[in-house]
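Down below is the structure, laid out as structure tokens.
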């Protein structure tokens, strides 16, 4: 536990230091033209076609990402996002400035902005790939450690020990205790979900290039995760579960002329994944937004004079440290909560007629 | 607001990425780790059980050895006691035998001495008788070498006899 504490403290310090550095390096241009906090915050939270790292003087440093679009008129197109920078048009595609598709790639079809089929590798997709690869490397690395050893060998130390602690914690405290006897069938899925969310949350807290993507704070990601849980719940639901949904154990008048309870129960099936989606998305997005807004205090107060700016910078840094530490906690708690709720929903779908 | 509007491209990539991650980890990652952790747990439980059994066995062996030791000590005491008794008995027997033998020897000696003494006495008596007869003969011969003396003698003896008859 002590080691874990030091690791967490170290991590939070790293996160804090690099976050301040990264944001400060953006400052020169921002101070000149006034700070648009909303743009900074939403620019980070929302997806983008290139990975902006920093501005070095007037030179913008960013990683161009491949754009893959399918137009109903001209078919497939693959090109780098650098061709679209500074409102350039390329092969009829451009990034919309306003309207329903603001910030997205559109093409002009008969004078109207239309959205092509867009499977570009955006910033969030790239973060997702990096984090997924990292997760696979970490877990397979840990698994390799176990493959090389016999049960009689000593238990692991260091990083493998930490991972074992986390894995057994999730496996025993969440999955086993929530689902009960069938837990083995769901354990790989729930463990994957936990570590997927946890790693993406943590990587989101690292402000420089390989990290810093707002992956779990994007509703598409959490929606897919919640849909997976939805499938796991409803495909392997028992007969008893469907009976409780469609013909619950309530007075007859609640279900016969107007099927009130069945409708409510059916509605409940869909509110559960919705709650999962919004909870994770909103928590992580809000965390990113608050940290960015707090950092922006420094640049907002820059024009108010040195004394105010200096004191507000101290306040901002202190608050950022606090928020980053809090976000570390949130990163864990949200992964924990998502996994636990998924396990609880699965356990509800595994009910058997034992109570009768 | 586009924040709440899930992007289809992102959903597509998320499905692929999460699908691959899930497939790889569920097949090669977590089952290996959990299986090993559970095996190790089983092994530790078994080892604990074995250790407990060994401990019990050890206690049992200790008790047994103690009982064996106690029995051996008892036996030793018994043997010692027996030895002491045997020694005493042998000594007593030897003493008795020696006494008996000695007494027998003494008796025999005494008998022999008695016999010798008797023989000697008998011998002496015989010699004394012979001597006295010889002396008597000599005396008689001296005293009775003339007639007168022989008659006197006969007279006197007759007197004596008659005296004794009276």
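At pLDDT below 80, assigned to a helix (DSSP H, G or I) and on the phi < 0 side of the Ramachandran plot - does that describe any residue in the range A:48-63? No, that holds for no residue. For the range A:226-247, a residue qualifies if it is in contact with a helix residue (DSSP H, G or I) (Cβ under 8 Å, 6 or more places away or on another chain) and either exposed (fewer than 14 other Cβ atoms within 10 Å of the Cβ) or closer than 13 Å to residue A:351 by Cβ (or both), and the qualifying residues are A:233, A:236, A:237, A:238, A:240, A:241, A:244, A:245, A:246, A:247. Counting the residues of the range A:187-225 that are touching a helix residue (DSSP H, G or I) at 6+ places or on another chain (Cβ under 8 Å) and away from chain B (no Cβ under 11 Å) gives 13. Residues that are surrounded by 16 or more Cβ atoms within 10 Å (Cβ to Cβ) and over 21 Å from residue A:186 (Cβ atoms) within the range A:147-173 comprise A:151, A:156, A:160, listed in sequence order. In the set A:277, A:271, only one residue is buried (at least 16 other Cβ atoms within 10 Å of the Cβ), at pLDDT 90 or above and under 13 Å from residue A:341 (Cβ atoms); that residue is A:277.
Residue A:250 - would you say it is free of Cβ contacts under 8 Å to residues at least 60 places away in the same chain and in a loop (DSSP other than H, G, I, E, B)? Yes; evaluated as a whole, the condition is true for this residue. Against the conditions (1) exposed (fewer than 14 other Cβ atoms within 10 Å of the Cβ); (2) at the interface with chain A (Cβ under 7 Å from one of its Cβ atoms), residue B:17 satisfies every one except (1). The set of residues from the range A:157-186 being free of Cβ contacts under 8 Å to residues at least 12 places away in the same chain and either facing another protein chain (nearest Cβ under 10 Å) or touching a strand residue (DSSP E or B) at 6+ places or on another chain (Cβ under 8 Å) (or both) comprises A:168, A:172, A:184.
For (1) over 28 Å from the mean Cα position of the chain (by Cα); (2) within 14 Å of chain B (Cβ to nearest Cβ); (3) closer than 19 Å to residue A:42 by Cβ, each residue gets a yes or a no:
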residue	(1), (2), (3)
A:80	no, no, no
A:94	no, no, no
A:98	no, yes, yes
A:107	yes, no, no
A:121	no, yes, no
A:133	no, yes, no
A:137	no, yes, no
A:144	no, yes, no
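Selection of first residues in the range B:119-143 that are farther than 22 Å from residue B:153 by Cα and of second residues that are modelled with pLDDT of 80 or more, restricted to Cβ pairs under 8 Å at least 6 apart or on distinct chains, gives an empty result. Can you spot a residue in the range A:325-343 that is in contact with a helix residue (DSSP H, G or I) (Cβ under 6 Å, 6 or more places away or on another chain), crowded, with 20+ Cβ neighbours inside 10 Å and farther than 23 Å from residue A:223 by Cβ? No; the residues of the range A:325-343 include none that is in contact with a helix residue (DSSP H, G or I) (Cβ under 6 Å, 6 or more places away or on another chain), crowded, with 20+ Cβ neighbours inside 10 Å and farther than 23 Å from residue A:223 by Cβ.
The values are calculated or read from the model by the stated rules, or taken from the named source; none is laboratory data. Since the model is a prediction, treat every value here as computed from it, not as a measurement. For neighbour counting, all protein chains shown are included, and Cβ atoms are generated from backbone atoms with ideal geometry for every residue, glycine included.
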